[in-house]
Each structure stands twice: as structure tokens, then as C-alpha cells.
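Throughout, read-outs are computed from the coordinates displayed, never taken from laboratory work. The structure displayed is predicted, hence computed values, not measured ones. Every residue, glycine among them, receives a Cβ derived from its backbone with ideal geometry; neighbour counts consider all protein chains shown.
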Amino acid sequence: MKLLDGSQGSGSTTSAGPKYGAIDTTMGGALVTSDVAGIKVATTEKGVDGSENAIWDAAGTTLTLNLVKDKVYTQSDIDNLIANAKQEDSTSQVSKLPTVSVSLNNGTYTGKASAGVATAAGAKATAAAKNMAAGTFVGADTIQISANRYGQELNGTKISIAFTAKDGQESVTVTKAASQARADGTVTAGEYTLNLAAGKEYTEEDIEKILKDNGLDLDVTLSGANPDNATEKHTLYAINNGATVTDITLDNGAGLGSATALFGESGYSAKSSSNGTGITLQIGANEGQTMSFSIDDMSAKALGVDGSKVDLSTQSGAQKATTTIDAAIKKVSAQRGKMGAIQNRLEHTISNL
């Protein structure tokens, strides 16, 4: 008899979400994740109160939870059953059982029979590259937007760009919020308008931050004629406030963007965790004796050296990459220098206590 403690197998989650996941509409909208594709969690009403169990089939693709009809189970109850799941050695067709987790909708499940829904590979919803009207924009003439997380929730969602905002008052208008129903998995396509200012240059990172501050965690790629020099980034610049970009439609997302929540639900907020004020430390006994500092985003994406920004496939691309990487190193070094100065100040403060 094999015993699976829930910790075997390779990591089942990436920064974009679970590698494989599904909304189990047969289990009240539970979110099921696994480290391999095609895994189901089924339930029966054949359990004995106090002796419920979880059994893997011979193929290691379906985990059956034997529950008591109409008994209410908590998230902890289901977690414990999965952690102690068993499989009969004599019939097993696999050398190692998969890792699986179930996040219950609203934290409870009432015992009944369910067939389960197979987990599928995660995929990010992506829009085709959109050409922008010639003569209306300077710099980049094409924009492409994709989700940073897996999931179906943004499939069919349309994003338009208007240039009617004032500088510093950029925003996102929600005509219809994107969502996915737990009960049947139905996706409601969203409609959003990104409000930018005409006569202002926006980098990819500028646009991504505006979107994220408004709850949309999206990746933006600008392209067009080569910028003036190797260190200059593509920018979006509208000549007048009559410029628009319409019908940027996301599609082909799959799987789950989170193991515990769907887009729009509590626990799935895409908003920036920092409000820009940084960290404030109390370094003295009296009011006002504080020290404030902030740490810039040092991710590969923020530094401009993520996979889509560094091209080593050609000689010219590699040459440009050296400049890009050098700029990233300088930015990291500058941040480390600032942190070193903060450390020195704190050590001085401690030594004088």
C-alpha cells in the first residue's frame, strides 16, 4: 500500500500560477491543481463517518475521496485526506503518484458524489499584436498585451486605449469586469479602457504599472521602427487626444492563475503591494525620529532583461544586449549602494543606543 503525504513530485506552481489546474464544477467550484496534467479528484458517498479516506486509482490519474453524504467538510478535512491518500501496490501502474491540491469554494464541501474535472496546462490569455494608425502615433506602431498569469478569466476581454486623460491622471475605466463563475466555469468577458495622456511618452513598464494599479496584471510589448539608439526603449506617444486603439482582445488562456482564487476574488488582487511611500522605521524614542526608504523593483522585467527584451539570436541583438545588461547591472549596483548606506546608518543608530 503506497502512502502519499502530499509533498512528493516536482513543484506544481509557477509565478504565472499552477502548472496544471481546473475549476471543478462537479465539486462546487473547488480549484484543483497538480504537478502533471489530467488529474481528477472525485468524491463518493461511500465513506464511514470518522473513517473517510482517499484512494488513488491504478493509473494514478484519479484520486477518490470517500465521504459521508451531506456531511460538511472543512478545507482542513480535505487537506488531511489528500495528505494521507493511499494506493494499492499490487495494482499500481505508476512509480510515483502526482502532487494534487484542492481549494474549496467558500472553505467547505458537503459530501456527495462527484466525477471530478481533469487538470489542464496553464496558458496565458494573449491578444494578437495590434497595429496603430499611421500618422497618429510617434515611436512604436504596434502594441501587444497578454496576461501575466494563467487562467481563462480574461478570455474574450477587450481593452481599448484612449488618450483623453491629463498627465498624472491616467486610469482604467471598467465598462464590464471580467469574471469566471465557479458553478459552471462560464467566463464573462470584460471591457476596459486604458486612459492615457496625449503628447506624453509611455514605456511598456509605464503602461503595465497603470494597468496593475487598477487591478489588471498584464504584460505589454511595444514594437515598431528601431529606436534612435540601442539603449532607448520603444515608447507609445499619441500626437493628439483623438487617437484611439480599440479591440485588443485577449484569448486562449487556460488553467488557473492562482491555486486559491479566481480573478476578481479576494486573494487574487493584481494591485501593486506598495503605495510608493516605501518603508518607515522608528529609530529613536521620540516622535519624528524615523527613517524612510524604498526599494525599487529589481525583477528581470523591471530591469529590462527578461526573456522578451534580450535577444542573443543575432550579432546585432547580442551587441544591444550588452548595453541593456550593463544598464541593469548599474541599476542593481545603485540600489545595493543605497541599501548599504541604510545599513550603515542603522548600525550607527544601534551602537549609540
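Filter the range 156-168 down to the residues that are in contact (Cβ under 8 Å) with a residue 60 or more places away in the chain, surrounded by fewer than 21 Cβ atoms within 10 Å (Cβ to Cβ) and part of a loop (DSSP other than H, G, I, E, B) and list them by number. Don't jump to the end; show me each part of the working.
Start the filter on the range 156-168 by keeping residues that are in contact (Cβ under 8 Å) with a residue 60 or more places away in the chain, which leaves 156-164.
Of the ones still in play, those that are also surrounded by fewer than 21 Cβ atoms within 10 Å (Cβ to Cβ) are 156, 158, 160, 162, 164.
Of everything in the range 156-168, those that are in contact (Cβ under 8 Å) with a residue 60 or more places away in the chain, surrounded by fewer than 21 Cβ atoms within 10 Å (Cβ to Cβ) and part of a loop (DSSP other than H, G, I, E, B) turn out to be Gly156, Thr164.
So which residues in the range 123-149 are charged (D, E, K, R) and either part of a loop (DSSP other than H, G, I, E, B) or over 30 Å from Tyr202 (Cβ atoms) (or both), if there are any at all? Spell out the reasoning first.
Step one: of the range 123-149, the residues charged (D, E, K, R) are 124, 130, 141, 149.
Within the range 123-149, just Asp141 meets the criteria.
Identify, please: which residue in the range 174-217 is touching a helix residue (DSSP H, G or I) at 6+ places or on another chain (Cβ under 9 Å) and assigned to a strand (DSSP E or B) and is, among those, farthest from Thr260 (Cα to Cα)?
Tyr202
Taking interchain pairs and intrachain pairs at least six residues apart, which have beta carbon atoms under 7 angstrom, with the first residue in the range 28-48 and over 18 Å from Ala58 (Cβ atoms) and in contact (Cβ under 8 Å) with a residue 24 or more places away in the chain and the second among the acidic types (Asp, Glu) and crowded, with 20+ Cβ neighbours inside 10 Å?
Ala30/Asp24; Val32/Asp24
Just give me the residues in the range 73-122 being part of a loop (DSSP other than H, G, I, E, B), of a type in the set (Ser, Thr, Tyr) and free of Cβ contacts under 8 Å to residues at least 60 places away in the same chain, in sequence order.
Quick first cut of the range 73-122, residues part of a loop (DSSP other than H, G, I, E, B) only: 84, 88, 92-99, 104, 111-113, 115-119, 122.
From what is left, the residues that are of a type in the set (Ser, Thr, Tyr) are 92, 95, 99, 119.
Selection gives Ser95 alone.
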